[in-house]
1. What is the spin-label model distance, in nm, from residue 469 to residue 225 if the labels are put 7 Å beyond Cα along the C-beta direction?
2. Given a cut-off of under 8 Å on Cα pairs at least six residues apart, what relative contact order in percent is computed for the chain?
3. Take each of the peptides 549-555, 197-203, average the number of other beta-carbon atoms within 10 Å over its residues, and list them starting from the highest.
4. When the dipole is taken about the Cα centre of the chain, and only Lys, Arg (+1) and Asp, Glu (-1) are charged at their Cβ, what size is it in debye, to the nearest 20?
5. Let me know the charge dipole size of region 19-135 about its Cα centre in debye, to the nearest 20, where only the beta-carbon of Lys, Arg (+1) and Asp, Glu (-1) is charged.
6. How big is region 422-508 in terms of Cα radius of gyration and Dmax, in angstroms?
7. FRET efficiency for residue 360 and residue 427, Cβ-Cβ distance as r, R0 = 45 Å, nearest 0.05?
8. Could you put 414, 181 in order of accessible surface area, largest first, with the 1.4 Å probe and the full protein assembly present?
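The values are calculated or read from the model by the stated rules, or taken from the named source; none is laboratory data. Since this is a predicted model, take the numbers as computed values, not measurements. Backbone-built Cβ (ideal geometry, glycine too); neighbour counts: all protein chains shown. Keep in mind that these areas ignore ligands, DNA and RNA; they rest on the heavy atoms of the full protein, side chains included. Shrake-Rupley method; radii C 1.70, N 1.55, O 1.52, S 1.80 Å.
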Amino acid sequence: MTATADDLGQLTFDELGTPLRETTFVVVDLETTGGRAGEDAITEIGAVKVRGGVVLGEFGTLVNPRRGIPPEIVRLTGITEAMVYTAPPIEEVLPAFLEFAAGAVLVAHNSAFDTGFLKAACTQHGYAWPKPAVLCTVRLARRVLTRDEAPSCRLSALAELFSTDTTPNHRALDDAKATVDVLHGLLERVGPMGVQSLEELFDYLPDITPAQRRKRTLAQHLPSEPGVYLFRGPSEEVLYVGTASDLRRRVRQYFTGSESRGRIREMVALATRVDSVVCAHSLEAEVRELRLLTAHKPQYNRRSRNQQGGWWVTLTDEAFPRLSVVRRPRDGALGPFRSRVSADTAATALSDATGLRTCSQRIPAKGANGTPCALAELGRCRAPCAGRQDVDDYGHAPAAVRDLIAGRDLAPFDRLASQLEELALAERFEEAAIRRDRLADLVRAVDRGQRLAALAALPELVAARPDGSGGWEFSVVRHGRLASAGVARRGVRPMPVVDALVASAETVIPGEGPLRGAPAEETGVVLRWLNRPGTRLVYCDTPWSEPAKSAAGWRAWVDRAVAGREVYAGLN
């Protein structure tokens, strides 16, 4: 849950908080194909916007999950595949919902479930999660109600307790309407306890230690601007780095009981100061966070502490090249991969598709007289080690790898798909499933590598996004790195701002490898920002394009593979 908290002591008028009667709540409910966010899909969204007990609007739509709906889910919700067949997919629904909920407190019954699916959808489709304050009616009910009056905090039980106008029935909008009545019933209970503002409500929910309360003053000096915050320890060491759209509000949240993560509570107990870096917009904040994580490697951050890490698959430089997994990329390498295992899997799939040898021995260009291995006996290797294949004949295999990575030829994918079809026809389904997943991972890796490399190849690109208030957010990108960022508020002429940002942008000297030396994670963050709906290209000194035969053409195949549908029939 996200929350806010007031400082100790006398509050100034701007710190008194938002009265609950003036707070806009968006009560949301989702129906899905299962319970795993990021793996299962949303089938329906229902939401009700309320303020001061008055309904301001409703949002309800079925969503095409682009996969089957399990029979038990159909029995529970009544939502069938026929009902969602013509419904819009989540990437079309999500922008409208985010706009509907913008600026409001998000409320849900068991909020972790609903926000988990919404966050996953934002991540999958390139939208930034707006990090709203989130109120869970289950948690509020457990804090407010006794076990005697509410033995169960299921929505149906609370709806009966508060005599809601709408009976929950596992349909999103009806359940959201019922949750609105439950919310109002719970808020009536906390009013006599002195809870009158949103901040007091979030502060009332958890149990907060006195030491945690005392540290709320560490956020007093922070601005209400977007940026990056750094918690520092007794020896000035950086303990934790994070980003926020409102630095002061976000840091104050760490000193309320809404922060339930044990490691973070331990970090807060050690912290003696919080520093901040104000940023122009969200992209600059994300990039600065990544760079600070790499620079300081704070012990309480779990991710992104080594941006230059990762594994790459590359061809060796010898007469009969093979694939090798390395740490330092060279031109034409595939990657980066998060683990050595995933890189090895991709190398195995590429070798199967192209006929590259998998042994590690060095084979001379002429006069090889080694002993063939078992793969040669099985017909899976032409045995160049025994002189049965010369350099010219072998050359088509490494050429196929280079052409696939560069986006000149997709023949290896076709060959792997044909192997899947043969296994399926032979009813070797377990092996086919393994090969299917391996091919899907390879397609993703090649697709991502080509998209990142295309961006990293650009010497300079300037892009703009509307800031939502009539102004513009600008980013100057050079070889996949954010070189400068700024804003032109409403009423400010944008092009002089662009000229100033370009003139003051960081000089980026391209390095070696597909990403020209740029960290893959930073380039990925920049690419997601550029691909978000509404982004406009202001200037690009060379054409920004992906290869004509890129792996993007196989994305639909991957979607079907992930959904567990028939994938052996090609790209129909």
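1. 1.2 nm
2. Across the chain, relative contact order equals 11 percent.
3. Those peptides, ordered most packed to least, come out 197-203, 549-555.
4. Using Cβ point charges on Lys, Arg, Asp and Glu, the chain gives about 1400 debye.
5. 260 debye
6. 22.0, 68
7. 0.80
8. Values: 414 80, 181 45 Å².
Largest accessible area first, the list is 414, 181.
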